[in-house]
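Shown next, in structure tokens, is the structure this report addresses.
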Amino acid sequence: MTRIALFGATGFIGAACAAALADAGHEVLPRPARRLWADNETLTHDPQRAYRPHLAGLVAELDGVEAVVNAAGVAISAARMSPELVGGNAAWPRLLADACQQAGVPRFVHVSTAAVQGRTDRLDESLRYAPVNPYARSKTLGEQLLRDAAAADRVEVTLYRPPSVHGPERRMTTAFAAFCQRWPLVTCGDGDQPVPVALIGNVGATVAAILAADSAPLVVSHPYEGHTVRTLYETFAPGRPLRPLPTRAVRRLLRAAEPTGQWLPPLSAVCRRAELLLFGQRQERSWLDAHDFRLPLGQPAWDEVAAATRGRPHSR
């Protein structure tokens, strides 16, 4: 049994991590995240300036802890760039890494996001970044700060990148279910493009699997769940036809929206979700695939989520 401090344990992803870690036999210690405000320039040149007053207290909280999982942050894809966004998604994880180093905690798993690679042709476990909105840029900065912390070799840092995470209580999922019922289902191509998505239960299980390994690399991507644009639509709207759109015209339209999206993050977030359903996105095999990890939840669980969200109002 490992004593694991879990930050963000009451959130959507944190609660799934807590359940999976407890099921794996670990002692899970919920811990409150600090609310930090920071800016990019300060974090780039003097990271500790943004959180130095909190460091000693956090080190004391980690006494006797054998691993730390961070599931806390500002998870709003349409957020504008702000000191709160940068503080929650970049300064806070770096503070945790520094606290782990000073407290002698050997392992730190940070829940990041596949959005840091944005429009890259293929998601992978590299440090290639292509964020398309302020939320993704703040998460990218957090990864870069943790990469620097990992270079000190006093704590093993793992950046775990789940893609769009779905669950019956998540607003994004209920909104997608409503869209599938009310609007024409469209895509570019034949609909067989892979699309990176994740079930919330599989996210928790993946975090537990990372900690079950004796060691893990700096970046671990979420294993591919097998969905294509077509199968995702069929899951949430069985029997509805899939209509093709002209690829070139759609790409021109999305490119035309990019300048506006730079100062209007909600538009950028909507366009990015549309891109995934129109064009899909490929992904390399996860490090976990090579270590015989298999996601516990498959299509039946996706069907249950879809059934639970049909006709429900949007939640969080």
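Assorted remarks:
- Highest-fluctuation residue, PHE12, PHE176, PHE236 considered, GNM on the chain with Cα pairs under 10 Å: PHE176
- Estimated at 0.36 nm per residue, the fully extended path between ARG240 and ARG128 surpasses their Cα-Cα distance by 36.6 nm.
- Distance distribution P(r), the stretch 175-252, all Cα-Cα pairs, bin width 10 angstrom from 0: 16, 36, 26, 17, 6 percent.
- Relative contact order (%) - the stretch 4-130, alpha-carbon pairs under 8 angstrom, separation at least six: 28 percent
- Cα long-axis angle, helix 265-279 against the chain (0 to 90 degrees, to the nearest 10): 60 degrees
- Per residue accessible area in Å² of the stretch 1-135, where ligands, DNA and RNA are left out and the probe is 1.4 Å: 42 Å²
- Alpha-carbon spread of the stretch 258-299, three principal axes, descending order, Å: 44, 22, 16
- Alpha-carbon spread of the chain, three principal axes, descending order, Å: 57, 43, 36
- Peptide ranges 196-209, 243-256 listed from the most packed, as the mean C-beta count within 10 angstrom indicates: 196-209, 243-256
- Within the chain, DSSP assigns beta bridges of which about 5% are antiparallel (rounded to the nearest 5).
- Binning all Cα-Cα separations of the stretch 112-218 at 5 Å, short to long from zero, yields these whole-percent fractions: 2, 10, 15, 18, 21, 16, 8, 5, 3, 1, 0.
- Structural size metrics of the stretch 63-175, computed from C-alpha coordinates, are Rg and Dmax of 14.4, 43 Å.
- Length-normalised contact order of the chain in % [C-alpha pairs under 8 Å, at least 6 apart]: 20 percent
- The label point for MET81 and the one for ALA175, both projected 7 Å from the Cα toward the Cβ, are 2.2 nm apart.
- The alpha-carbon atoms of the stretch 164-203 define a convex hull whose volume equals 80 cubic angstrom per residue.
- Diffusion coefficient, µm² s⁻¹, Stokes-Einstein with Kirkwood Rh over alpha-carbon pairs of the stretch 1-112 at 25 °C and 0.890 mPa s: 172 µm²/s
- For the stretch 13-66: rounded, prolate or oblate by the Cα gyration tensor [a/c cutoff 1.5]: prolate
- Helical content alone sets the calculated 222 nm signal of the chain at -13500 deg cm²/dmol, taking -39,500 (n - 2.57) per DSSP H segment of four or more residues and averaging over every residue.
- Percent carbon-and-sulfur accessible area, the chain, ignoring ligands, DNA and RNA, probe 1.4 Å: 54 percent
- Long-range tail of P(r) for the stretch 209-316 (Cα pairs > 20 Å, %): 61 percent
- In this structure the amide hydrogen of GLN283, modeled in the peptide plane, comes within under 5 Å of the amide hydrogens of LEU123, none closer than 5 places in sequence on its chain.
- On the principal axes of its alpha carbon atoms, the stretch 88-130 extends 40, 20, 13 Å, with the longest extent given first.
The values are calculated or read from the model by the stated rules, or taken from the named source; none is laboratory data. The shown structure was predicted, so the numbers you read here are calculated from the model rather than taken from an experiment. Please note: Cβ atoms are built from the backbone with ideal geometry, for glycine as well, and neighbour counts cover all protein chains shown. Protein only, heavy atoms only, side chains kept; ligands, DNA and RNA dropped before computing areas. Shrake-Rupley method; radii C 1.70, N 1.55, O 1.52, S 1.80 Å.
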